[in-house]
Amino acid sequence: MYKLLLCVRYLQTRYLAFVCIVSVMLGVATLIVVNAVMSGFSTKLKDRLHGVLSDVVVDTDRADGFPYSPDEIRRVIAHNEVLKDKVAAVSPTIEVFAILQFTYPNGAPVMKPVRLIGIDPADRAAVGGFAEYRVRQKDQTAPSLDPAPDALKRHEENREHAARLDAVQQERIKALEVPQARPLVKDPTALPEPDLFQGKAPPAPQLHGAVLGYSIAHVRFTHGGEMKEDRILQPGDAVTLTTAGGAELKPVWGTFLVTDYLKTEMSEYDQSFVYVSLDQLQRIRGMGDRCTALQIKLKNYDRDKVAVTAELEKLFPPRDGNRVATWEQLQGPLLAAIDVERGILNILLFMIVGVAGFSILAIFTMIVAEKYRDIGVLKSLGASSGGVLMIFLGYGLLLGSVGAALGTATGLWITRNINEIEAGLTALTGTAVFPRDIYYFKEIPTNVEPLRVALVNGGAVITAVVFSLLPAWRAARLHPVRALRFE
Amino acid sequence: MLRAENLTKTYRRHAVAVRVLTGLDLEVHTGEFLSIIGASGSGKSTLLHLLGTLDAPDSGAVYLDDKRIDNLPTRGRDELRNKTFGYIFQFYHLLPELTTLDNVLMPAYIQHSVMGWWSARGEWRKRATELLEKVGLGHRLKHRPRELSGGEMQRAAVARALLTKPRVLLADEPTGNLDADTGAEIVKLLRGLNRDEGVTIVMVTHNLEIVSATDRVVRMAGGVLTDDTRSFRPHAPRPHLAATV
């Protein structure tokens, strides 16, 4: 009983001990906040990394795609003993590099390298990572790449504007009185028109839509200290996509109307991905009904990923230029970097708790020296050496526990209010503590993991006890007579 | 009751060895109020520590009721100090963080676990309060040691020493830090305890004025007893005191 009594009394009366408590508290609070933010970043980043990728991706190096049609592939998967019950959806796609050409609103021509992806919107939505990121048709169950009425209207307006400009141009050429070229025939208008459509009206040209990565169609700039954004490609604006196609891989191109934007908040994707219809891309590239990649969604990713990838590797052997990978394998280096960064940060930050441990050691040594006589008195009253040891170990445990509890409360409070705190700090210092345009997050993401909080607390308490061990052991070993005579 | 046989004790400080006791014999009888006098460094306090198992002799033995106690395991000696011996120090040695009542209760706190204390606390508190009232500190239960005078602190220390109803009270210069009147009060208190409750008391003192209140006075010099007044005559036959001059 005396051990508990003295621990509590020492805690209440030794104000020096509050230094230990504050040290432990700061260490624990920092670790909890950093872990919550790192975990938030990690979770959000993983979501985004997974975002546009389905669970398993199969692709081929062959420019002309897999030597099977998507229907044949689906049939094989549907009849495969391993895959049939594990695969939820398959989306055939074509993924190639391309050049995107368009004009700025001021008429300046622009050319950008992009990753051109041909998809069937419904199939792609079924495997995930598409419909939820669209800006104008967000989360639609039947997403489409076709231009919306407002896009078509703008397209018409653009055409009329272009026609007007063309007419003005023609008038100017006429005004210059440029000598007319001599016609090949006397009266060209007398030639009969070729009957291309057998007397029927020519069909309206089919307009194909394209979904652009958000950053392709928008520019960000700072104006008056504020981050602003301008849209440079409106829905209905025309873009030209040039890639390689045909047996000889010669340049091929097509014109598409902007129908929507894809905003994954992953700059790599938002700056380079362009989605068009699979059929149209197959036609432009002369691929028939082939595809170059398969996005596959599993019914239970964690359970089935190993079995499914192994089976798919049998169907699409790597020696034929195929690759089968889970989304984690594809993003492996980045995911590993996050984990490594987090581990290193934890080690570095745990040094704060280490510093707290050394302050406990120093302060306890002082307290033990100060309590020499009391230790002698306790022993003269029958207290055992083990009992004295337990007083100081208990005291360390108590300080560690109180510090950890206060640190946990502080850390959780900071985590909960981190965006308000960041705003306050930004207002105070005039410098953005968390620049949104760099991180691409609207707010600082946090994720409190109870297990990690428990580990941090446990670590802090153990550190406090371990560092109080030496002074406690010295106190326990103290000879009572020497302690009573201590001046 | 309490017997020391041929005790020797040497303290070493760096390379220097100081022989404090050199073959000391002493017997303390039940109910005796014995005072030990002698010059500084004569080994009085050391003898007291050896008798109370606070320290171990280099050679010789200490017996309590003919049972050797100086070589008991640590746990056994701790228990003896908690239940059989009561200590009073010159500088009171109350724990500054605790109230007077908690200081007096300390031997009971040491005796019990948390659960054990929960069931026995009523009785112990009652006894501690009675003892504090007996020594005139009934109104100081919640005071901290720093709020008490020297005499009051020493009376609290006496109450603490008596809490577990010890058979032997070992007092190391209990009046050494008090003025004459307060010192006399403490001796009077001890005398009363010895007379009324039969507590055996061994008191080390420099003050020759207060030894007159004790039953027996032994003088120490050079690590042995040099004089024994034997004014006290217990029922049991006296053993031979080899070192008495």
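The values are calculated or read from the model by the stated rules, or taken from the named source; none is laboratory data. This structure is a prediction, so every number in the text was calculated from the model and none was measured. Neighbour counts are summed over all protein chains in view; Cβ atoms, including those assigned to glycine, are modelled from backbone coordinates with ideal geometry. Ligands, DNA and RNA are stripped out before the accessible areas are found, and what is left, the full protein with its side chains, is counted by its heavy atoms. Shrake-Rupley method; radii C 1.70, N 1.55, O 1.52, S 1.80 Å.
Give me the accessible area per residue for region B:90-201, probe 1.4 Å, as a whole number in Å². Provide the component values of the computation, followed by the final result.
Values: 4710 Å² over 112 residues.
For region B:90-201, the solvent-accessible area averages 42 Å² per residue.
According to a simple spin-label model (label point 7 Å from Cα along Cα-to-Cβ), what is the distance in nm between B:SER113 and A:VAL135?
7.0 nm
Distances over 33 Å make up what percent of all Cα-Cα pairs in chain B? Before the final figure, lay out the partial values.
Values: 5290 of 29890 pairs.
Above the 33 Å cut-off, chain B has 18 percent of its Cα pairs.
Heads up, I need the accessible area for A:PHE97: 1.4 angstrom probe, whole protein in place, Å², nearest 10.
In the full protein context, A:PHE97 sits at about 150 Å².
Only helical DSSP H runs with n ≥ 4 go in: add -39500 (n - 2.57) per run for chain B, normalise by residue count and round the 222 nm mean residue ellipticity to 500 deg cm²/dmol. Each step should come with its number before you reach the end.
Working: 6 runs with 82 residues, N = 245.
Counting only the DSSP helices, I get -10500 deg cm²/dmol.
Based on the Cβ-Cβ distance from A:SER69 to A:GLU328, what FRET efficiency comes out when R0 is 35 Å, to the nearest 0.05?
Working: r = 29 Å, r/R0 = 0.83.
Taking R0 as 35 Å, the efficiency between A:SER69 and A:GLU328 is 0.75.
Distance between the C-alpha centers of region A:74-107 and region A:1-24? Whole Å please.
Value for the Cα centre distance between the two parts: 65 Å.
Would you jot down the residues in region A:381-421 that end up with at least 40 Å² less accessible area in the complete protein assembly than in the chain alone, with a 1.4 Å probe?
When all protein chains are present, A:LEU381, A:GLY382 each give up 40 Å² or more of accessible surface.
Semi-axes of the equivalent ellipsoid for region A:146-188, please: Cα gyration tensor eigenvalues, times 5, square-rooted, ordered largest first, whole Å.
Values: eigenvalues 239, 45, 5 Å².
Semi-axes, largest first: 35, 15, 5 Å.
Using 0.36 nm per residue of separation minus the Cα-Cα distance, give me the extension gain between A:ASN106 and A:VAL168 in nm, one decimal.
Details: separation 62, 0.36 × 62 = 22.32 nm, distance 1.80 nm.
Result for the pair: 20.5 nm of gain on full extension.
Could you sort B:HIS143, B:HIS206, A:HIS218 by accessible area so the largest value comes first, with the probe set to 1.4 Å? Numbers along the way, then the final one.
On the way: B:HIS143 55, B:HIS206 90, A:HIS218 15 Å².
Ranking B:HIS143, B:HIS206, A:HIS218 by accessible area, largest first, yields B:HIS206, B:HIS143, A:HIS218.
May I ask for the accessible area buried between chains A and B, both sides summed, probe 1.4 Å, to the nearest 100 Å²?
Details: alone 26970 and 11790 Å², together 36400 Å².
Rounded to the nearest hundred, the buried surface is 2400 Å².
Using a 1.4 Å probe on the protein heavy atoms only, what accessible surface does A:VAL127 show? Give it in Å² to the nearest 10.
10 Å²
Return the carbon/sulfur percentage of the accessible area of the protein assembly as shown, one whole number, probe 1.4 Å, all protein chains in place. Could the numbers behind the result be given before it?
Details: 20770 of 36400 Å².
So the carbon and sulfur contribution to the accessible surface is 57 percent.
For B:GLU32, B:GLU133, B:GLU152, give me the order by solvent-accessible area with a 1.4 Å probe, most accessible first, ignoring ligands, DNA and RNA.
Sorted descending by solvent-accessible area, the residues read B:GLU133, B:GLU152, B:GLU32.
Excluding A:TRP253 itself, what net charge comes from residues whose Cβ is under 13 Å from its Cβ, given Lys and Arg +1 and Asp and Glu -1?
+3
Quick one: of B:LYS67/B:LYS126; B:LYS126/B:LYS165; A:LYS84/A:LYS299; B:LYS142/B:LYS188, which pairs are farther than 22 Å apart, Cα to Cα? Display every interim value, and only then the final one.
Values: B:LYS67/B:LYS126 33 Å; B:LYS126/B:LYS165 14 Å; A:LYS84/A:LYS299 10 Å; B:LYS142/B:LYS188 25 Å.
Going by Cα-Cα distance, B:LYS67/B:LYS126; B:LYS142/B:LYS188 fall outside the 22 Å limit.
Give the relative contact order (percent, whole number) for chain B; include only Cα pairs under 8 Å separated by 6+ residues.
Numbers: 479 pairs, mean separation 70.0, N = 245.
Relative contact order of chain B: 29 percent.
With all pairs of different alpha carbon atoms counted, what Kirkwood hydrodynamic radius in Å does the protein assembly as shown show?
Values: mean 1/r = 0.0288 Å⁻¹.
Kirkwood hydrodynamic radius for the protein assembly as shown: 34.7 Å.
List the residues of region A:8-54 for which accessible area in the full set of protein chains is at least 10 Å² lower than for the chain on its own; 1.4 Å probe, protein heavy atoms only.
Buried by 10 Å² or more upon assembly, which counts only protein chains, are A:ARG9, A:TYR10, A:THR13.
In this model, which of A:LYS44/A:LYS263; B:LYS83/B:LYS134; A:LYS228/A:LYS263; A:LYS44/A:LYS297; A:LYS263/A:LYS305 are farther than 25 Å apart at the alpha-carbon?
Numbers: A:LYS44/A:LYS263 14 Å; B:LYS83/B:LYS134 20 Å; A:LYS228/A:LYS263 17 Å; A:LYS44/A:LYS297 20 Å; A:LYS263/A:LYS305 27 Å.
A:LYS263/A:LYS305, as the Cα separations exceed 25 Å there.
As a test of understanding, state the convex hull volume per residue of region A:337-471 from its alpha carbons, in Å³. Can you show the working numbers first?
Working: hull volume 19.2 nm³, N = 135.
Output value, Cα hull per residue: 142 Å³.
Between the chain alone and the structure with every protein chain in place, find the residues of region A:467-485 that drop at least 50 Å² of accessible area; heavy atoms, 1.4 Å probe.
Residues passing the criterion (a loss of at least 50 Å², heavy atoms only) are A:VAL481, A:LEU484, A:ARG485.
Which whole-number value in Å³ per residue fits the convex hull of the alpha carbons of region A:120-272?
247 Å³
Just the number please: accessible area per residue for chain A, 1.4 Å probe, all protein chains included, in Å². If you can, show how the numbers build up before the last one.
Numbers: 25740 Å² over 487 residues.
Counting only protein heavy atoms, the per-residue value for chain A is 53 Å².
Just need the relative contact order of region A:352-462 here, percent rounded to a whole number, with Cα pairs under 8 Å and 6+ apart.
32 percent
Nearest 500 deg cm²/dmol is fine: what mean residue ellipticity at 222 nm does chain A get from its DSSP H runs of n ≥ 4 alone, each adding -39,500 (n - 2.57), divided by its residue count? It would help to have the intermediate numbers written out before the result.
Working: 17 runs with 255 residues, N = 487.
After summing the helix terms and dividing by the residues of chain A, the value is -17000 deg cm²/dmol.
Determine how large the accessible area of B:GLU197 is when every protein chain is in place; take a 1.4 Å probe and give Å² rounded to the nearest 10.
Surface open to solvent at B:GLU197 totals about 90 Å².
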